[in-house]
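> Pasting in a structure now, in structure tokens, and then I'll have a few things to ask.
The values are calculated or read from the model by the stated rules, or taken from the named source; none is laboratory data. These numbers come from a predicted model, not from an experiment. Note that we place each Cβ from the backbone using ideal geometry, even for glycine, and neighbour counts take in every protein chain shown.
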């Protein structure tokens, strides 16, 4: 099982150094992936922009949006161009995780009807594939430069409803759980494999999980500040998310073992703070 690390792009107070130096350290440490979390109505760095910056200071590590809220980006041609650009700049390292998201305020500020998100996402996935193959052209020719890989970046689809598994089987290389327990991942993987076979796909889908971490002597406080702030909109439930944050090396190992046993192909550990030393702390616990 691969172990990745999230960039702190969605941690309040993130800055240039927290992205660039974090990416450098993560690659040196040997993590498989640098991941991003997407949100519009929050003081965060935009996911693809953050990954483009990380691409410039790394050479090997995968760059994964886990996930990008696709329907709020209503200009699909622009989204296709942006993703193809990051894929080209990184020489084929982009893994584009996409889903509909669940925050109504992200849709409201983007001018996109929340109740239409599923239908819009279906149309986007089909259009993205056509654009990356060069099938849709404007007056001046191809829309955007071609991605590094023929057919476009690797697609991973997120979500827990049946439609998410069908989308992943039709368009993607696999499925990402997002937040959730190992037991829920095991159930999701089984659903994903059924959808994969029904779609006539060969091989096996790739399955990704994530959890939050905050290490060091002040790990619990970092979890309260970072994860608690990000999920404050959930009310009292935010305390449960904070409580599930891995704040010790033993917790990190327990989570990784549990997700491995549940069938994860990769787990991305997302930070609760911009403390650069947490990169090495996580590496010591996880790699």
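> For residue 226, are the conditions met, namely being farther than 24 Å from residue 154 by Cα and assigned to a helix (DSSP H, G or I)?
In short, yes.
> Next question, about the same structure. Any idea which of 239, 278 is out of contact with any helix residue (DSSP H, G or I) (no Cβ under 7 Å at 6 or more places or on another chain), over 20 Å from residue 44 (Cβ atoms) and not in a strand (DSSP E or B)?
So the residue among 239, 278 that is out of contact with any helix residue (DSSP H, G or I) (no Cβ under 7 Å at 6 or more places or on another chain), over 20 Å from residue 44 (Cβ atoms) and not in a strand (DSSP E or B) is 239.
> Does residue 175 satisfy being crowded, with 21+ Cβ neighbours inside 10 Å and assigned to a helix (DSSP H, G or I)?
no
> Given the criteria assigned to a helix (DSSP H, G or I) and under 16 Å from residue 128 (Cα atoms), does residue 80 qualify?
yes
> Moving to a separate point now. When both residues are 6+ apart or on different chains and their Cβ atoms are under 9 Å apart, which pairs have a first residue that lies in the range 31-50 and is without any contact (Cβ under 8 Å) to a residue 12 or more places away in the chain and on the phi > 0 side of the Ramachandran plot, and a second that is assigned to a helix (DSSP H, G or I) and surrounded by fewer than 20 Cβ atoms within 10 Å (Cβ to Cβ)?
Final answer for the pair search is none.
> Would you please name the residue that is surrounded by the most Cβ atoms within 10 Å (Cβ to Cβ), looking only at residues in the range 141-159 that are under 22 Å from the mean Cα position of the chain (by Cα) and part of a strand (DSSP E or B)?
So the residue we want is 157.
> Now a separate question. If the requirement is being at positive phi and part of a loop (DSSP other than H, G, I, E, B), which of these qualifies: 102, 13?
Criteria check complete, one pass: 13.
> Test residue 29 against the stated conditions and say whether it is within 16 Å of residue 5 (Cα to Cα), crowded, with 19+ Cβ neighbours inside 10 Å and modelled with pLDDT of 95 or more.
Here the answer is no, as residue 29 does not meet what is asked.
> Now for a different question. Return the residue satisfying two criteria in turn: it lies in the range 242-264 and is in a helix (DSSP H, G or I) and touching a strand residue (DSSP E or B) at 6+ places or on another chain (Cβ under 7 Å), and of such residues it is nearest to residue 221 (Cα to Cα).
Going through the qualifying residues, I end up with 252.
> With 65, 85 as the choices, which residue is touching a helix residue (DSSP H, G or I) at 6+ places or on another chain (Cβ under 8 Å) and assigned to a strand (DSSP E or B)?
Just a single option satisfies the conditions, and that option is 65.
> Answer yes or no: is there a residue in the range 179-188 that is in contact with a strand residue (DSSP E or B) (Cβ under 8 Å, 6 or more places away or on another chain), under 21 Å from residue 241 (Cβ atoms), modelled with pLDDT under 95 and outside any helix (DSSP H, G or I).
yes
> Another question, if that's okay. Quick one: count up the residues across the range 1-26 that are over 15 Å from the mean Cα position of the chain (by Cα) and either surrounded by fewer than 23 Cβ atoms within 10 Å (Cβ to Cβ) or closer than 20 Å to residue 42 by Cβ (or both).
Summing the residues that are over 15 Å from the mean Cα position of the chain (by Cα) and either surrounded by fewer than 23 Cβ atoms within 10 Å (Cβ to Cβ) or closer than 20 Å to residue 42 by Cβ (or both) in the range 1-26 gives 14.
> Oh, and also: Tell me, which residue of the range 182-217 that is out of contact with any helix residue (DSSP H, G or I) (no Cβ under 8 Å at 6 or more places or on another chain) and in contact (Cβ under 8 Å) with a residue 40 or more places away in the chain is surrounded by the fewest Cβ atoms within 10 Å (Cβ to Cβ)?
Ranking the qualifying residues of the range 182-217, first place goes to 206.
> Can you confirm whether the range 181-198 contains a residue that is within 14 Å of residue 268 (Cβ to Cβ) and under 17 Å from the mean Cα position of the chain (by Cα)?
Yes, the range 181-198 contains a residue that is within 14 Å of residue 268 (Cβ to Cβ) and under 17 Å from the mean Cα position of the chain (by Cα).
> Going through the range 1-31 one residue at a time, which ones are in contact with a strand residue (DSSP E or B) (Cβ under 7 Å, 6 or more places away or on another chain) and under 12 Å from residue 279 (Cα atoms)?
Passing the criteria: 4, 5, 6, 7, 8, 23, 26, 31.
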